[in-house]
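Here's the structure, in structure tokens; my notes come after.
Coordinate-derived values only; no laboratory data. Treat the numbers as computed from the prediction; the structure is a model and nothing was measured. A quick note on method: Cβ atoms are made from the backbone with ideal geometry, for glycine too, and the neighbour counts reach across all protein chains shown.
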Amino acid sequence: MALMEALGAGLILFLAALIHGLCGFAFALIAVPLLSLFCPLRIVVPLMALLGFALNAVLFIFLRKHFLGKPLLPLLLGALPGVLVGAKFLSHAPEGALKALLGIILVGYGLWGLINPQPGFVLTDRWGYLFGFGAGLLGAALNTPGPPVVIYFTLKGWSKDQVKSTLQGYFLLLLFLVIGAHLYSGLLTRIVFQKFLFFLPMVLIGLALGHYLYQFVSLRVYVRLLYILLIVAGVLNFLDLRS
């Protein structure tokens, strides 16, 4: 990677890590589309898995006392059949149609959340099976399992620390499986590990700055930031349709 490309990649990863430190997700959402413009996905995807695991682990350590493990079980159980259905969708349904549907859902929910920041109802843990199913389906079909989980957590009535901490726990479990799959597939090459060690300091600095800013954000502002990121995710899906 040339010097200018390395600086550009470092800036992208720094900003993505800053937003992740502030909101608790969106690292890969922001970084992958931009990094893939000048680096092969075969390198970008496993690199992001390693960096994402490191980010989530650090945040989880800071917020571990707020972690709620019990609600993750329905999510994980619901994700298993969702993965199977998602793989079938990927085999038979047009990818463009799936991305368009996901984009509509994310933008619609994000706008609804901004208009109704306090929906007036709280989801029980039983809803986790449905949202876990959606996460598994989207993860297998489009490699985007995060949005359904974020939507679910914003409707649980939790504090911002509980939402952010439990998100990290969920993503840690998910990325552990992803890294295992990458290792089995031979994607974790020497070049990937070299880039991981090279970019890790920039990523951790961005994460630290984002998490520092997070301390000054109220629950209301934090949830609004999550809604805005969901809208961004939806718009990125539409832009990807044009590429």
> If contacts are Cα pairs under 8 angstrom and at least 6 residues apart, what is the relative contact order of region 6-143 in percent?
Replying inline: 31 percent
> Can you put CYS23, CYS39 in order, fewest other beta carbons within 10 Å first?
Replying inline: CYS39, CYS23
> If you take the C-alpha gyration tensor of region 167-243, multiply each eigenvalue by 5 and take the square root, what semi-axes do you get, largest first, in whole Å?
Replying inline: 28, 20, 14
> Between GLN215 and GLN194, what FRET efficiency comes out of the Förster formula 1/(1 + (r/R0)^6) with R0 = 35 Å and r the beta carbon distance, rounded to 0.05?
Replying inline: 0.55
>> If you average the C-alpha positions of region 1-73 and of region 159-221 separately, how far apart do those two centres end up, in angstrom?
In response: 5 Å
>> Above 15 Å lies some portion of the pair distances; for region 1-64, what is it as a whole percent of all C-alpha pairs?
In response: 50 percent
>> Principal axis extents for region 3-242, Cα atoms only, whole Å, descending order, please.
In response: 51, 46, 33
> Using a Gaussian network model of the chain with C-alpha springs under 10 Å, which one of PRO94, PRO71, PRO46 is most mobile by mean-square fluctuation?
Replying inline: PRO94
> Relative to the present Cα-Cα distance, how much length would full extension add between ALA6 and PHE176 at 0.36 nm per residue of separation?
Replying inline: 58.5 nm
>> Please compute one quarter of the surface area of the Cα convex hull for region 96-159 and express it in square nanometres.
In response: 4.5 nm²
>> Could you give each residue of region 118-126 its phi-based ³J(HN,Hα) in whole Hz, using Karplus coefficients 6.51, -1.76, 1.60 with θ = phi - 60°, and x for Gly or Pro?
In response: 10, x, x, 9, 10, 7, 7, 4, 4
>> Only counting other Cβ atoms within 10 Å, I'd like VAL235, VAL163 sorted with the fewest neighbours first.
In response: VAL235, VAL163
>> Which one, ALA97, ALA26, ALA49, has the greatest fluctuation when you compute a Gaussian network model over the chain with C-alpha springs under 10 angstrom?
In response: ALA97
> Per the helix-only calculation at 222 nm, which mean residue ellipticity applies to the chain, given -39500 (n - 2.57) for every DSSP H run of n ≥ 4 and division by its residues, nearest 500 deg cm²/dmol?
Replying inline: -27500 deg cm²/dmol
> Under a 5 Å amide H to amide H cut-off, with H placed in plane at 1.01 Å, what residues pair with LEU68 once short-range neighbours are removed?
Replying inline: THR166
> Given H placed on each backbone N at 1.01 Å, which residues far from THR144 in sequence or on other chains put an amide H within less than 5 Å of it?
Replying inline: GLY139
>> Give me the count of lysine pairs in the chain whose alpha carbons sit under 16 angstrom apart, restricted to pairs 8 or more positions apart or on different chains.
In response: 6
>> What are the equivalent ellipsoid semi-axes of region 119-221, built from the alpha-carbon gyration tensor (square roots of five times its eigenvalues), in whole angstrom, biggest first?
In response: 29, 22, 9
> Got the relative contact order for the chain handy, in percent, Cα pairs under 8 Å and 6 or more residues apart?
Replying inline: 39 percent
> Which Cα, out of GLY69, PHE196, TYR227, lies furthest along the positive dipole direction of region 3-242 (beta carbon charges, K/R +1, D/E -1)?
Replying inline: GLY69
> Based on DSSP H assignment, which helices of the chain show an axial Cα extent of at least 18 Å together with a mean Kyte-Doolittle hydropathy greater than or equal to -0.5?
Replying inline: 3-23, 41-63, 72-92, 95-115, 127-142, 160-185, 190-214, 219-242
> Can you give the extra length, in nm with one decimal, that the chain gains between VAL235 and THR124 once fully stretched, where that is 0.36 nm per residue apart less the Cα-Cα distance?
Replying inline: 37.0 nm
> For the chain, with only Lys/Arg (+1) and Asp/Glu (-1) charged at the beta-carbon, what is the dipole magnitude about the Cα centre, in debye rounded to 20?
Replying inline: 320 debye
